[in-house]
Amino acid sequence: MYIDTHCHLDFKNYDEDREIVIQRAIKSDIQAIITIGTNIETSKMAIKLAENYASVFAAVGIHPTDCLQTTDEHLETIEELSKHEKVVAIGEVGLDYYHMKATKEKQQSIFRKQIDLAVRQNLPLIIHNRDSHDDIYDIITTSSSSKVGGVMHSFSGDMDFLEKILLTNLHVSFTGNITFKKSNNTPLVERSPIQQLLLETDSPFLTPTPLRGKRNEPAFLVHTAKKIAEIKNLDVNEVGYVTTENAKKLFRLNV
Ligand code: NI
């Protein structure tokens, strides 16, 4: 059993065969899927999908590349959406200094406000970080985010940054990119305790080897799990079991 803790099932990449993709995941030992909002519209779509499938759950939030026009009213809408019974996290939220679609100050302000929102609603955080390690760390450690915990999704950064994150109560997750030949994530996966790891595909992106070139989907999660098992010298079923328990506990999943 595996849990895909991060994918974007609402994306138009799945418009032709969304139902089949979800059924294929269920048949491929995926016990639960968390589909992630990136703005108000996609957050609403995530909830709609979660309403239709027992094993699909939703996260709602404003992504840092989507926060340029975000107002307090928009955040109130996110907070209202977060009260839905199938919403299990606030995300994805964070900072993205690679795409830099809004100023650092704006991104930081929206991130901090969504941390406060998560704490008020007692929901864990799904955190996006791209080229913003120092500011992410600063905000995590100077806000009340530790009250709710969460995950550094699609972990990127060096060993020093990983060591700092592992000392917080956040989980870390790696995507299919750890299966790539050129991946330099192997020592990071090796260093991350299995009790602090989650699995994710980030589909439709980051398709794992040997399926590269295809659209990614939750059913492909096993390839990432196998790679983690190989790096950590564990049985793939153990990787599945422990990370499933981690996800169930963090997101309080009823499956
Ligand atoms: Ni994502």
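The values are calculated or read from the model by the stated rules, or taken from the named source; none is laboratory data. Just so we're clear, the structure is a prediction, and the values are computed from it rather than from any experiment. FYI the Cβ positions are ideal-geometry reconstructions off the backbone, even for glycines, and counts take in every protein chain you see. Heavy atoms of the whole protein, side chains included, go into the accessibility calculation; ligands, DNA and RNA do not. Shrake-Rupley method; radii C 1.70, N 1.55, O 1.52, S 1.80 Å.
Looking only at the stretch 29-55, count how many residues are under 14 Å from the mean Cα position of the chain (by Cα) and within 16 Å of the ligand (Cβ to nearest atom). Outline the logic, then answer.
So in the stretch 29-55, the residues under 14 Å from the mean Cα position of the chain (by Cα) come out as 32-38, 43, 46.
So of that shortlist, the ones also within 16 Å of the ligand (Cβ to nearest atom) come out as 33-38, 43, 46.
Result for the stretch 29-55: 8.
When the stretch 61-83 is examined, which residues are found to be in a loop (DSSP other than H, G, I, E, B) and closer than 19 Å to Thr35 by Cβ?
Step one: filter the stretch 61-83 for residues in a loop (DSSP other than H, G, I, E, B), giving 61-63, 67-71, 83.
Within the stretch 61-83, Gly61, Ile62, His63, Lys83 meet the criteria.
How about the stretch 46-60: which of its residues are over 16 Å from Ile90 (Cβ atoms) and either out of contact with any Ser or Thr (no Cβ under 7 Å at 6 or more places or on another chain) or not in a helix (DSSP H, G or I) (or both)? Show your work before the answer.
Start the filter on the stretch 46-60 by keeping residues that are over 16 Å from Ile90 (Cβ atoms), which leaves 48-49, 51-56.
Residues satisfying the conditions are Lys48, Glu51, Asn52, Tyr53, Ala54, Ser55, Val56.
When the stretch 146-185 is examined, which residues are found to be under 20 Å from Asn246 (Cβ atoms), over 16 Å from the mean Cα position of the chain (by Cα) and of a type in the set (Ser, Thr, Tyr)?
Ser146, Thr168
Find all pairs meeting these conditions: Cβ atoms under 8 angstrom apart; at least six residues apart or on different chains; first residue within the stretch 17-33 and free of Cβ contacts under 8 Å to residues at least 24 places away in the same chain; second residue open to solvent by 10 Å² or more (accessible area, probe 1.4 Å) and small (Gly, Ala, Ser).
none
Just checking, does the stretch 91-110 include any residue being away from the ligand (no atom under 14 Å from the Cβ), touching a helix residue (DSSP H, G or I) at 6+ places or on another chain (Cβ under 6 Å), modelled with pLDDT of 95 or more and more than 27 Å from Pro218 (Cα to Cα)?
The answer is yes; a qualifying residue exists.
Among the residues of the stretch 142-157, how many are in contact with a strand residue (DSSP E or B) (Cβ under 8 Å, 6 or more places away or on another chain) and either of a type outside the set (Val, Ile, Thr) or not in a strand (DSSP E or B) (or both)?
The qualifying residues number 10.
So in the stretch 145-181, with the set limited to residues that are open to solvent by 70 Å² or more (accessible area, probe 1.4 Å) and out of contact with any Leu (no Cβ under 9 Å at 6 or more places or on another chain), which one is nearest to Thr207 (Cα to Cα)? Outline the logic, then answer.
Step one: list which residues in the stretch 145-181 are open to solvent by 70 Å² or more (accessible area, probe 1.4 Å), which gives 146-147, 158, 160, 164, 167, 169, 181.
Pick out the ones that are also out of contact with any Leu (no Cβ under 9 Å at 6 or more places or on another chain) and you get 147, 160, 164, 167, 169, 181.
Working: Lys147: 33, Asp160: 27, Lys164: 28, Leu167: 30, Asn169: 28, Lys181: 13 Å.
Per the criteria, the residue is Lys181.
Can you tell me which residue within the stretch 116-142, out of those that are open to solvent by 30 Å² or more (accessible area, probe 1.4 Å) and under 16 Å from Leu167 (Cα atoms), is nearest to the ligand (Cβ to nearest atom)?
Looking only at the stretch 116-142, we keep the residues that are open to solvent by 30 Å² or more (accessible area, probe 1.4 Å), and these are 116, 119-122, 130-131, 133-135, 137-138, 141-142.
Narrowing the set further to residues that are under 16 Å from Leu167 (Cα atoms) leaves 133-134, 137-138, 141-142.
Numbers: His133: 18, Asp134: 22, Tyr137: 20, Asp138: 22, Thr141: 23, Thr142: 25 Å.
So the residue we want is His133.
Are any of the residues in the stretch 6-28 within 14 Å of the ligand (Cβ to nearest atom), open to solvent by 20 Å² or more (accessible area, probe 1.4 Å) and hydroxyl-bearing (Ser, Thr, Tyr)?
no
Take the residues in the stretch 39-97 that are of a type in the set (D, E, K, R) and closer than 16 Å to Arg120 by Cα; name whichever of them is surrounded by the fewest Cβ atoms within 10 Å (Cβ to Cβ). Before the answer, list the steps.
Of the stretch 39-97, the ones of a type in the set (D, E, K, R) are 41, 44, 48, 51, 66, 72-73, 76, 79-80, 83, 85-86, 92, 96.
Filter once more, keeping what is closer than 16 Å to Arg120 by Cα: 72, 76, 79-80, 83, 85.
On the way: Asp72: 8, Glu76: 11, Glu79: 18, Glu80: 10, Lys83: 10, Glu85: 10.
The residue in question is Asp72.
Table: residues versus (1) of a type outside the set (S, T, N, Q); (2) touching a residue at least 24 places away in the same chain (Cβ under 8 Å).
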position	(1), (2)
Glu80	yes, no
Val88	yes, yes
Met100	yes, no
Lys106	yes, yes
Phe111	yes, yes
Leu123	yes, yes
Ile139	yes, yes
Ser146	no, no
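Go through Asp135, Asp160 for me and flag whichever is under 21 Å from Gln107 (Cα atoms) and in a helix (DSSP H, G or I).
Values: Asp160 fails: under 21 Å from Gln107 (Cα atoms).
After applying the criteria, what remains is Asp135.
Please work out if Ile62 is within 16 Å of the ligand (Cβ to nearest atom) and touching a His at 6+ places or on another chain (Cβ under 8 Å). Spell out how you get there, then give the answer.
On the way: within 16 Å of the ligand (Cβ to nearest atom): yes; touching a His at 6+ places or on another chain (Cβ under 8 Å): yes.
So Ile62 fits the description; yes.
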